[in-house]
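The values are calculated or read from the model by the stated rules, or taken from the named source; none is laboratory data. Just so it is clear, the model here is predicted, and its values are computed rather than measured. Note that we place each Cβ from the backbone using ideal geometry, even for glycine, and neighbour counts take in every protein chain shown.
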């Protein structure tokens, strides 16, 4: 059964985009990529949830904080991938007919970096970490 979450909706939007898919195919993984993943690839994770509260309980729409990490062998390649992800996700939303309704996705932060992937004998790879606020209708 597919995961019904705003993060999964964002993942689907990324792999459905021709420009992103041309670079990573379906290489968009939750939390951690498998050791066999080819570069470039993307990981995503829920890094927080914000909910407005009243004395009567929660109100309004929850906001998921979504972290998207892009990885590639060169700085130019990772920047290109990150820019393509931003073009897909920043301002994204779904229709009311979808099983999970995402009202709005907005980029709140982006940072360049590099990481040592598992298997320390490999050279470091470049990364871009993007943070998005995802407002959605919780069912």
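Things worth noting here:
- The requirement of being at pLDDT below 95, more than 15 Å from residue 42 (Cα to Cα) and touching a helix residue (DSSP H, G or I) at 6+ places or on another chain (Cβ under 7 Å) is fulfilled nowhere in the stretch 114-129; no residue meets it.
- Subset of the stretch 31-52 (residues that are without any contact (Cβ under 8 Å) to a residue 40 or more places away in the chain, surrounded by fewer than 16 Cβ atoms within 10 Å (Cβ to Cβ) and under 21 Å from residue 126 (Cβ atoms)): 31, 32, 34, 36, 38, 45
- The sole residue among 78, 102 that is crowded, with 19+ Cβ neighbours inside 10 Å and over 20 Å from residue 136 (Cβ atoms) is 78.
- Given (1) outside any strand (DSSP E or B); (2) surrounded by fewer than 17 Cβ atoms within 10 Å (Cβ to Cβ), index of the condition residue 112 fails: (1)
- Condition met for residue 27 (more than 24 Å from residue 117 (Cβ to Cβ), touching a strand residue (DSSP E or B) at 6+ places or on another chain (Cβ under 7 Å) and free of Cβ contacts under 8 Å to residues at least 24 places away in the same chain): no
Yes/no matrix, rows are residues, columns are (1) outside any strand (DSSP E or B); (2) touching a helix residue (DSSP H, G or I) at 6+ places or on another chain (Cβ under 6 Å):
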site: 47; (1), (2): no, no
site: 70; (1), (2): no, yes
site: 86; (1), (2): yes, no
site: 96; (1), (2): yes, no
site: 104; (1), (2): no, no
site: 108; (1), (2): no, no
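- On inspection, residue 139 fails the criterion of being in a loop (DSSP other than H, G, I, E, B), at pLDDT 90 or above and loosely packed, with under 13 Cβ neighbours inside 10 Å.
- Residue match in the stretch 53-71 (condition: out of contact with any strand residue (DSSP E or B) (no Cβ under 7 Å at 6 or more places or on another chain), within 17 Å of residue 132 (Cβ to Cβ), surrounded by 12 or more Cβ atoms within 10 Å (Cβ to Cβ) and at pLDDT 95 or above): no
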